[in-house]
Each structure stands twice: as C-alpha cells, then as structure tokens.
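We did not get these values from a lab; they are worked out from the coordinates using the rules stated. Keep in mind that this is a model prediction, so the values were computed, not measured. FYI the Cβ positions are ideal-geometry reconstructions off the backbone, even for glycines, and counts take in every protein chain you see.
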Amino acid sequence: MALVTISKADVEHVALLARLELTEEEKERYTQQLNNILGYMEKMNALDTAGVEPTAHVLPMQNVFREDAARPGLPRELALHNAPQAQDGMYKVPRIV
Amino acid sequence: MDLHYMTAHAIHKLLVAREVSAAEVAEAVLARLEAVEPVVRSFVTTTPELTRAAASRADEAIARGERITPLAGIPMALKDNMCTKGVRTTCSSRMLENFIPPYDATVVVRLAEQGSGLIGKLNMDEFAMGSSTENSRFFNTKNPWDLERVPGGSSGGAVAAVAAGQAVFALGSDTGGSIRQPASFCGVVGLKPTYGLVSRYGLVAFASSLDQIGPVTRDVTDCALVLNAIAGHDPMDSTSAGYQPPDYRECLVPDIKGLRIGIPREYFGQGLDPDVERVVREAIGLMEELGAVVDEVSLPHTEYALPAYYIVAPAEASSNLARYDGVGYGFRVEGATDVVSMYMKTRSEGFGQEVKRRIMLGTYALSSGYYDAYYLKALKVRTLIRGDFDQAFKKFDLLASPTSPTVSFKFGERADNPLAMYLSDLCTIPVNMAGIPAISIPCGFSQGLPVGLQLMGKPFGEETILRAAYAYEQATPWHRRRPSLEVQQ
C-alpha cells in the first residue's frame, strides 16, 4: 500500500490550481490534515477493482436533448444586478493585459 | 396542541373546517419563530410578509368556497441553498452573503403553486459542507432538545426550525446524509429521495451527482404531502428522471405484514453507540411484531463508501465552486490590481476553512498524476457499493439501520478533527453513493436525545419506505414528542 505524503510544496501547487491564496498557517494545517484524510483514503487500495466499471452517475441516462429553439434569457439588467462591479452594461474586472 | 407545533395535515383539516384561519396559523408560527429564534437561531433571513401573503390567499380561497391544496397557507422554510427570486440566498457563506437570485428554484415554484408561504431561509454548513452546521459563516444553530448540542448538518437550520415550531415543514438537501443525520439529531422526519426524483434546478450545486432535495417534516404523512408537491420530472434539470411519481398519500397504510426488511450488519459495527443500538434494535423488533420479516444481510463494501465519498464529493465540489470568482455575482475583495490576484484573494476570504479544505482535496484528487489513483478508483468503488444494494434488494424490500452511530454531540467536540466529523455520516453516505432513497424517522431517545431509524429503499422505492415508516410511526409515540424549549411567549 502506497503511503501518501503531501508536502507543503504540493499544497502550494494545489492551492494555485484551485485559485486559493493560503496563509502560512493554513498551508501547515492543510498539509497535515490532507495527509491524515488521504491516509484514510488509502483504505480503498485494499480493494481489487480490476475490471470494475466506474460509476460517474447513478441514472442510466445520457445525451438529454431538447429542441434547439430560441427562448428569452435573463435580461441584461437583471444579470448584472448581483455583479460586484459593472459599467456600461458589462462586468468590470481589474486589468488583465 | 399549539398551532405552531401542529402538522400540515392537521392544520389543513382545521382550515377546511374553518375552525382556524390561515392568518391565525401564520401569526402563531411567526410569533413562535420570533420567541425562540434568539436561543435556537435557525434562520439566516425571515420573510414574514410572504407568509402573511400566502395565508391571506388561502383564507380568500376558503371564503370563496374553493378547494385548497393540502399545503395551502402552511408556513414553510427553505435551506438557504435553494434560490428564491428576490430573497437573499447565502449558502451561509460570505461568498454569497448579498446574493439575490433573479429566479426561483423549481421546488420553490412548486411549493408556491401549492400556496405554501415562505417564512424564511435556514442556516446550514457553508455550501452544505459539514455535519453540525458549525461551518456556517454566520452563527451556530442550536439543537432544540439541548442547546449545548449541535442540530446536525448540513441542514441544521431546517431540522431545528421544524423541531422548535418555527416552520411547519422545511426543505433540506442531502449530498452525504445532510437531511437524515440532522433529522435524527432533532427528532423529525427527513427523506432523501432517489437521485433524479426531485429537480435540482436552482439548488446551489455542491456535488452534482449526489445532491438531492427532500422534505423535513413532523411526521410521515407530511413527508408524503411535501414529496407529492416537489417530485417529478423537470425539463430545467437534465439529470431529472423521466419518472411519473404516484400519489404518495396512497402509501400511508399501516400494514407491513410480510414486508422483508434486511439488517445490514456492517451498519452495526465499530463506533455505534451501544444505547443507540439498543433503541434502533427495539424499533426493528417492533416492526417485526407488526408483521415484517426481518433478517440480517451483508453490504460488504460499506467501509469503502466513506473514503470514496470524500474523493467524489470534493472533486465535484472543486469543479462546481470554481464559478465563485468575484466577477458575475457574490463577494469580491477590494483593491486587487490584477485579475488573478483578485480571484485568489476573493476565494480565500470568501470561503471558510471546511470549504477550502474540500476544494483542496478535490483539486488534488483530480490533478494530473493522481486522477486514476483517487477519482477513478472512487468511481469504481461506487459501482461496488451500488452492487451491494442491488444484491440486497433481490432478497429484501427495505433495509433498516441507525441513521447516525451516535446522538447529537456538543459544540466544538469534533470541530478540530475533520476525519472524526466525517465519520458521523458513516450510515448515510452509502445511500447517496448508490443514488437510492432513504428516510430517517424518530424511533426513541438515548440520554434524553432523539435517535433516528433509517429505512433505505430501492431506486424509486419511496412508496415502500413511506408505507413502512407510516406503519411504525402509527404504532409509536415518538413523532408526537416536542422539545421542552422554555421561552417567554
């Protein structure tokens, strides 16, 4: 059974992927806690799953189609109503380039 | 009995007989809500004007001699992860603290069509991640049976409100036991329907292949009435099943003679409190006296359900919660100078510890190099768990177990140990992984605290579950017990 070890550098890498900025204290805590939790997940390795199909979804359905007909969407004003910042009928964000 | 502690079906009878008006019901429940809220704290937002408006519509219909629906004029509340047009929907998160949805969830539309009046939005673990409601970013909700204890979670506000007389019924959501475990802790009825029976449109997504909305009520009859209102296909939810639900009132027959009930031995293993076990075995014994045929069964992959769940649910959550970027809606930090640091600071401040922990866990499990070892493995384990249930249901109509291995615990007791907290959902999580329905009903007390009996059924086997739950309930006094909340009123 492979023993998981997650280093602080792993935590920093995953935090970047998840777009989370962690404090030093959070990095330490998550390193320890994720090691504990993933250590518990190792339990699954005891199980032979060769030849077992994965279940991503419990209902036997796929490709749920509807007619490709136009229908009214959310009015722009309403869509922007919850935006932290909006201007000229658009979302406003900090400079990208 | 006090109006605020009555069931929806009892109130409906009084309304139809014109012995009480819907306005009187609304005022009684509103007064109760106000009186106990300072100690119980179930609500994030209250909407007395909507309750009163629904009540006057019901009273007008009655005055015109019209037939009213079973839930007309009944004050109800919603877990704060169901979108309500024009009413703040927060998920008990700083991220959505000021979010006003521009549309209603399908369940909200369906309850409105029944004439039921929204009384408020209920506290929960942030984004439904937790088992005690201690992860709310706003405040703790108390267990009405013992104010030093948690109501369970994540639908803690929903069960506390129904148990304390602050709403006649509520809707919760159940991704990994989040309706049933709290229902068990607070002595109310909670049903997690078959995946796909109730539309998820407008439910803020946590883990989309597991999430399901369900009723929290004071008895099984109300559970059937609320399920009637919310079940059924919805074109707005592409995972909604093409299944025509029956009238669930027709299963309210107190007869379980010959019903085959399996007792999964893995649910009675390590970690089960001996006194909880005693209460649950007595309940099963009574079902046997009522004519059920009871035998032991094995669900051999049970111990793998929890680790697999804590890969699948966080993986789906990390993807679903990627939408909170501070652009379209929700919280945004001030003063960020570039867009990436705006995302990162917004998400770090907007989310609480447990949500960040699960996003980290899920992102790790889906990241390059680990996908096969964790996520794919968990999906295969999921197949085996579903297979266990399929096998068991060849021999049995229902499976019975404790809902939770313990009664409610004290605040702070498990807050610093995520793994210990996760273990409180041992008996409820396999049901979500398999997509089957299950109910928790009150079945007695241990140390003065409510204990729940869990009945699990075949996919779309809600009728059998409700029939058995009803038969048990009619033979026992537990659903009529109310907490002795002492407040000035």
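When all alpha carbon pairs of segment B:80-152 are counted in 5 Å bins from zero, the resulting P(r) reads 4, 18, 21, 20, 17, 14, 6, 1 %. The distance separating the Cα centre of segment B:417-463 from that of segment B:236-291 comes to 10 Å. The mean of 1/r over all distinct Cα pairs in the protein assembly as shown, once inverted, gives the Kirkwood hydrodynamic radius of 24.2 Å. If a/c stays under 1.5 just call it rounded; otherwise compare a/b with b/c (prolate if a/b is bigger, oblate if not). Do that for chain A, with a ≥ b ≥ c from the square roots of the Cα gyration tensor eigenvalues. The shape class here is oblate.
Using the Cβ-Cβ distance between residue A:43 and residue B:323 with R0 = 41 Å, the FRET efficiency computed as 1/(1 + (r/R0)^6) comes to roughly 0.80. Exposure proxy ranking for B:51, A:5, B:476, based on other Cβ atoms within 10 angstrom of each Cβ and starting from the fewest, stands as A:5, B:476, B:51. Here is the list for segment B:246-320: trypsin sites (Lys or Arg not before Pro) lying in DSSP coil, each with at most 14 other C-beta atoms within 10 angstrom of its C-beta, are B:257.
Averaging over all projection directions, the Cα-based convex hull of chain B occupies 22.1 nm² in the image plane. Distance between the 7 Å Cα→Cβ label points at residue B:474 and residue B:238: 4.4 nm.
Size check on segment B:310-440: the Cα extents along the three principal axes, sorted descending, read 63, 38, 26 Å. The order of the peptides B:190-198, B:383-391, A:49-57 by mean Cβ neighbours within 10 Å, most packed first, is B:190-198, B:383-391, A:49-57.
Cβ crowding within 10 Å, taken as a proxy for footprinting-reagent exposure, orders B:2, A:68 from fewest neighbours to most as A:68, B:2. Backbone phi angles across segment B:187-202, fed through the Karplus curve with coefficients 6.51, -1.76 and 1.60 (θ = phi - 60°), yield HN-Hα couplings of x, 10, 8, x, 10, 9, x, 3, 4, x, 6, 10, 4, 9, 4, x Hz in residue order; Gly and Pro are listed as x. Cβ crowding within 10 Å ranks B:159, B:294 as B:294, B:159, fewest other Cβ atoms first. The C-alpha atoms of segment B:249-289 occupy a region whose extents along the principal axes are 38, 20, 17 Å, arranged from largest to smallest.
Once the convex hull of all Cα atoms in segment B:125-264 is built, its volume per residue stands at 136 Å³.
Its Cα centre serving as origin, segment B:310-426 has a Cβ charge dipole (Lys and Arg +1, Asp and Glu -1) of approximately 220 debye. Amide H contacts of residue B:135 (H built 1.01 Å from N, in plane; Pro and chain starts excluded): B:126 sit under 5 Å, all sequence-distant by 5 or more or on other chains.
Projected over every direction and averaged, the convex hull enclosing the alpha-carbon atoms of segment B:192-330 yields 11.8 nm². Suppose R0 equals 25 Å; then what is the FRET efficiency for residue A:68 and residue B:113 from their Cβ-Cβ distance, rounded to the nearest 0.05? The formula returns an efficiency of 0.30 here. Cα centroid separation, segment B:315-374 to segment A:1-80: 11 Å.
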